[in-house]
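Reviewing the structure listed below.
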Amino acid sequence: MYYKDEEAFKSLCGYEIDGTWYPRVTKIIEIKSKPALLYYYAQAASYAEATKQTKQSAAEGTLVHETIEKIMVGENPPIDATIAPAVNACVDFLQKNNIQVDAANVERRIMNPEHKYAGTIDALALIGGKFGVLDIKTSQSIYRDYNLQTSAYMDALIRDPLLAGLSTRWILRIDQIKNCLRCAATLRPKGGREKIRAPKSGSCPEGGHTWSELRGVIELKESPYWQEDFKAFLAAKRLWEWENEYWLKRIGFS
């Protein structure tokens with residue numbers, strides 16, 4: 001990727017912490033191929049249309065993130081009508097499952113001094129008596145790629161003596177869909193693109209669906225065994241460093 005200069009590279013790819021620059025976890029894992037994203041672009045009407053939808057989807061996801069995180073720290077933010085079903089379902093899920101979040105560890109910047117990277121965690125939570133990393137996603141599914149990101153957070157955080165007992169990690173997926181009232185089809189309207197998933201059999205004729213109101217969908221998945229994922233993250237980091245060797249040398253990162 002082209003960067004205008006060293007400062008642009010540092011700003012887009014990492015964080016400055018206590019006078020030292022570290023590459024960002026989410027930027028590092030971008031090095032991994034994403035076949036599903038390539039397929040999405042290939043299926044789109046045009047590259048421009050796909051890019052527009054991707055940006056809108058990201059903006060919607062950011063709005064959900066910011067709203068939920070404010071609620072987690074005890075604020076009472078206004079809830080945009082476009083994301084209200086997802087946010088309300090999440091709040092209800094957190095309360096019903098007694099998910100306890102430490103406000104001091106919501107949207108917290110962290111770094112790993114040994115492996116030289118930094119990141120921002122969504123939250124640390126206590127769920128079912130277990131203490132761990134809680135990462136919020138607004139995707140269509142929970143993808144295995146997320147394990148790279150959360151394993152990097154785990155290896156950084158277990159070094160903190162104030163976080164004794166940290167043992168696991170969860171993905172909290174927040175979404176919203178419509179259900180067909182006549183068959184098992186679903187419609188997901190994220191990013192200005194209405195994606196319909198129809199059942200393999202028993203679906204309504206094309207165009208014959210009767211859709212419900214938009215409703216929130218919440219999914220929580222635990223992945224306690226993070227060490228092998230962290231080895232893969234370090235491999236991705238090495239590849240990212242190889243890819244960006246020119247800029248890393250220019251800024252004196254080693």
Counting sequence-distant residues (5 or more places) and residues on other chains, those with an amide H built under 5 Å from that of Lys195 are Arg188, Lys190
Of Ala89, Ala123, Ala59, the most mobile residue in a GNM of the chain (C-alpha springs, cutoff 10 Å) is Ala59
Most mobile of Arg193, Arg238, Arg144 in a GNM of the chain (Cα contacts under 10 Å):
Arg144
With θ taken as phi - 60° and the coefficients 6.51, -1.76 and 1.60, list the Karplus ³J(HN,Hα) couplings across the range 239-254 in order, rounded to whole Hz; mark glycine and proline as x.
5, 4, 5, 4, 5, 10, 3, 4, 6, 5, 5, 5, 9, x, 8, 8
I want to verify a result. In a Gaussian network model of the chain, Cα cutoff 10 Å, which of these has the top mean-square fluctuation: Pro77, Pro161, Pro23?
Pro161
Karplus-derived 3J(HN,Hα) from phi for the range 124-137 (6.51 cos²θ - 1.76 cosθ + 1.60, θ = phi - 60°), whole Hz, x at Gly and Pro, runs 10, 9, 10, 10, x, x, 10, 10, x, 7, 10, 10, 8, 10
Suppose R0 equals 35 Å. What FRET efficiency, 1/(1 + (r/R0)^6) with r the Cβ-Cβ distance, do Arg197 and His65 give to the nearest 0.05?
0.90
In the calculated pair distance distribution of the range 24-245, what percentage of Cα-Cα distances lie above 25 Å?
47 percent
With each run of n ≥ 4 DSSP H residues scored as -39500 (n - 2.57), what mean residue ellipticity at 222 nm is computed for the chain after dividing by its residue count and rounding to the nearest 500 deg cm²/dmol?
-11500 deg cm²/dmol
Enumerate the calculated ³J(HN,Hα) couplings along the range 95-103 in order (Karplus 6.51 cos²θ - 1.76 cosθ + 1.60, θ = phi - 60°), each rounded to whole Hz, writing x wherever the residue is Gly or Pro.
6, 5, 9, 6, 7, 9, 10, 7, 4
Using 12 Å as the cut-off for backbone N distance, which residues of the range 17-38 belong to the label zone defined by a point 7 Å from the Cα of Ala44 along Cα→Cβ?
37-38
Which far-off residues, 5 or more places away or on another chain, put their amide H under 5 Å from the one on Leu166, with H placed in the peptide plane?
none
With r as the distance between the Cβ atoms of Ala103 and Ile158 and R0 = 22 Å, compute the FRET efficiency 1/(1 + (r/R0)^6) and round to 0.05.
0.55
Take Glu114, Glu219 and order them by how many other Cβ atoms sit within 10 Å, fewest up front.
Glu114, Glu219
Please state the relative contact order of the range 24-245 as a whole percent: Cα pairs under 8 Å, 6+ residues apart?
22 percent
The lysines whose Cα lies under 27 Å from the Cα of Lys96, excluding any fewer than 8 residues away in the same chain, are Lys70, Lys130, Lys137, Lys178, Lys190, Lys221
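Read-outs: derived from the displayed coordinates by stated rules, not from any lab. What you are looking at is a predicted structure, and each value in this text was computed from that prediction instead of being measured. Backbone-built Cβ (ideal geometry, glycine too); neighbour counts: all protein chains shown.
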